[in-house]
Amino acid sequence: MTRSICIATSTRADWGLLKPLACALRQNPAINLLILATNMHLLPRYGHTIDEIIADGFTVDATVAMDDSADDSAETRAQAMAQCLAGTARELARLQPDAIVILGDRYEMLAVASAATLMRVPIIHIAGGEITLGAFDDAIRHAITKLASLHLTATEPYRQRVIQMGEAPDTVICTGAIGVWNVFQQPIPSEAELRCELQITSSDDLAVVTYHPATCDNTNPAERFKALLDALDRFPQLHYIITYPNNDPRSMGIIDLIEHYAEANPQRVTAIKSLGMRRYLAAISAAKVVIGNSSSGLVEVPSAGTPTVDIGIRQQGRLAGESVIHCSETTADIAAAIDLALSPQMQALAAQRINPYAKDNTLQIMVDAVLNFVGSLPHNPKKFYDIPL
């Protein structure tokens, strides 16, 4: 019997992680793969990255538009989330998938998960059980966990946390992080090819910068980002590849600063809306340091052999390897962390590629779990799993 599995994707980042799983499922004759794209994928301001999905050879079976208002307040994001819920319900009614795959903790993914739950479409959740105290994503991630029926976690501690939340152990599988699998398995451009594609003419060492709003921080993220830019100015020997933030509340101020900084420093700054997976992996592999507050700095970058400077509270609580340097949001602390990352000792430590998110055969474990899950449908309603006292 053929089963239809829908993969929901809303950003350049989650598609980069989901693409290998999509490829593997598409190759299985018993699976009818469907792609639902929403949010940033449809927005020119963020690179209209639905084009990347199509360029990867996939058909996008459903699109769900969300408001692209220049007002990036929490209220407008909540209203856009409502649009996503309504649009997802409409598309799920049309597509009739047997299950839906959701990765992570984005607010629009809670809308997708809510629609799927009401329409009795079983949810397969990737990357549950993690903690990020500096963002409302933390609560959203746990909410999606409670709506999901199959859980694919990145580490064993995360698996135990999902079980602690009342999910049956046989539905919670530690797979390792799919992004780490990508680092080792995906063909990527050489540093020379990357520099050519991004039109970087200088021979300066590369650094990758990605900074998102910490949505639980009361301070304006633009002020935080200005302190980061001031720290970057202390290292004129580096060429910075700066990527746009996600469209979280109060992200537009960061984008404005990126554009002005790149315009003022054209010889040492390359600003880009979306690198895409292959160029992103090439960039973090070629860079001397990755700077910012993205989850990728903790999850994928250590396997690229590059030190990470993790700034502020956004990723607080997440597991991290020894090549990740945590620092506060002040210019002085950020600069000190970058200086440490560039030291021979930290470069040598990072080169060992020690990573708590790495696990052999991650993709195959995921594929097998998904196929076993959909192959045994329909399932009985979930029951809360009480941990034995």
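The values are calculated or read from the model by the stated rules, or taken from the named source; none is laboratory data. This is a predicted model, so every value here is computed, not measured. Cβ atoms come from the backbone with ideal geometry, glycine included; neighbour counts cover every protein chain shown. Ligands, DNA and RNA are excluded from the accessible area calculation, which covers all protein heavy atoms including side chains. Shrake-Rupley method; radii C 1.70, N 1.55, O 1.52, S 1.80 Å.
Of all residues in the stretch 117-156, those satisfying the criterion of being more than 17 Å from the chain's Cα centre (by Cα), assigned to a loop (DSSP other than H, G, I, E, B) and more than 17 Å from A369 (Cβ to Cβ) are M119, R120, V121. Within the stretch 304-320, the residues that satisfy the criterion of being closer than 16 Å to A348 by Cβ and either buried (at least 22 other Cβ atoms within 10 Å of the Cβ) or within 18 Å of the chain's Cα centre (by Cα) (or both) are A304, T306, P307, T308. Here L133 does not qualify as open to solvent by 30 Å² or more (accessible area, probe 1.4 Å) and free of Cβ contacts under 8 Å to residues at least 60 places away in the same chain.
Against the numbered list (1) out of contact with any strand residue (DSSP E or B) (no Cβ under 9 Å at 6 or more places or on another chain); (2) of a type in the set (G, A, S); (3) modelled with pLDDT under 95; (4) open to solvent by 70 Å² or more (accessible area, probe 1.4 Å), S203 comes up short only at (1). For the stretch 317-389, which fully contained helices (runs of 4 or more DSSP H) count at least 3 residues that are in contact (Cβ under 8 Å) with a residue 60 or more places away in the chain and closer than 26 Å to E300 by Cβ? Output list reads 331-341, 362-375. Of all residues in the stretch 179-197, those that are open to solvent by 20 Å² or more (accessible area, probe 1.4 Å) and either within 17 Å of Q237 (Cα to Cα) or touching a residue at least 12 places away in the same chain (Cβ under 8 Å) (or both) total 12. When I313 is tested against the conditions (1) touching a Ser or Thr at 6+ places or on another chain (Cβ under 8 Å); (2) hydrophobic (A, V, I, L, M, F, W, C); (3) in a loop (DSSP other than H, G, I, E, B), the lone failure is (1). Name the single residue, out of those in the stretch 268-297 being under 21 Å from P20 (Cβ atoms) and polar (S, T, N, Q), that is modelled with the lowest pLDDT. So the residue we want is S274.
Could you tell me whether the stretch 170-187 includes any residue that is at pLDDT below 95, under 28 Å from I241 (Cα atoms) and outside any helix (DSSP H, G or I)? Yes, the conditions are met somewhere in the stretch 170-187.
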